[in-house]
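Trainee: Structure below; questions to follow.
The values are calculated or read from the model by the stated rules, or taken from the named source; none is laboratory data. Values in this document were obtained by computation on a predicted structure and should not be read as measured data. Virtual Cβ from ideal backbone geometry, glycine too; neighbours counted across all protein chains shown.
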């Protein structure tokens, strides 16, 4: 894979940091509105702004199955409840038009590889989040509860199984915080049998690996607050069953989070505070590392005093979409 040079160009067609924003209330309204979506072209190295939604903070973007659209969160402060709230949003890449569906509260929406359903969790269903995982038909219809107290859902390659992080601390402490997979009928396979605990995950395109951000099984440190934690990978079969112990992809010396695997399964792009420049202790940039854990992370993209968050590969591996406040901070 050729690493792109760092360049920038104008607008396209015309949750660790996010978790902090979630609870901050009205004081963060403007900051949330500063976060737009950008696309990094891995071939040319160009970065283009995709959206123009100053009233919302846009996060957790991912490409649709056909690569023509982005699914993402649109976060806004709701004065009626006194909290930030996140709605389902889509952006058409050809026109740059963003549509916000205020009838659907979501976090981290992902369209299935077959284009039939969107999976998401409901961490932003405030002021009393249920943090459940739901399925929503793309063509319309009612949502279906797939799993209570689950987060960060990701599809496997055949659209029949989802990897997720258990967040059942409300009713099952201390039996919580483990990685698992689940089919669409609700049959679950836990991965803590091989020691897989964490959050912020991705399923490899061939369905053979799940990469995730390691979290402590007792305190969930490394997930609920930014502290050093490595990215890990656990091998699984097509039934979502573990085939071996997890192995480290990064060294665990920094806050490495929200991994996304390239289409060829060879690289992982992720957010990290490895090059903090002083604006905040956990300023996030985009980094890339070999999926097999054989090499050191390389900085892929990042501007000083600016966050780059929630990186996600396109299905063809050429593009990476991410959230940033770069245009609000840079002169």
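Trainee: If a residue must be modelled with pLDDT of 95 or more, within 24 Å of residue 83 (Cβ to Cβ) and surrounded by fewer than 14 Cβ atoms within 10 Å (Cβ to Cβ), how many such residues does region 116-155 contain?
Mentor: 1
Trainee: Still on this structure: Go through region 234-270 and count every residue that is surrounded by 20 or more Cβ atoms within 10 Å (Cβ to Cβ) and not in a strand (DSSP E or B).
Mentor: Residues meeting the conditions: 6.
Trainee: Further, regarding this structure: Among the residues of region 189-232, what is the count of those that are assigned to a loop (DSSP other than H, G, I, E, B) and either modelled with pLDDT under 90 or farther than 13 Å from residue 258 by Cα (or both)?
Mentor: Residues meeting the conditions: 22.
Trainee: Is it true that residue 91 is at pLDDT 90 or above, closer than 18 Å to residue 53 by Cβ and part of a loop (DSSP other than H, G, I, E, B)?
Mentor: Answer is no for this residue.
Trainee: So residue 261 fits all but one of (1) more than 18 Å from residue 156 (Cα to Cα); (2) within 17 Å of the chain's Cα centre (by Cα); what number is the exception?
Mentor: (1)
Trainee: Continuing with the same structure: So for region 236-247 (the condition being out of contact with any strand residue (DSSP E or B) (no Cβ under 9 Å at 6 or more places or on another chain) and at pLDDT 95 or above), does at least one residue qualify?
Mentor: Checked against the condition, which is being out of contact with any strand residue (DSSP E or B) (no Cβ under 9 Å at 6 or more places or on another chain) and at pLDDT 95 or above, region 236-247 yields at least one hit.
Trainee: Does residue 186 satisfy the criteria of being surrounded by fewer than 23 Cβ atoms within 10 Å (Cβ to Cβ), part of a loop (DSSP other than H, G, I, E, B) and modelled with pLDDT under 90?
Mentor: no
Trainee: Give me a count of the residues in region 268-285 that are at pLDDT 95 or above and over 19 Å from residue 199 (Cβ atoms).
Mentor: Residues meeting the conditions: 0.
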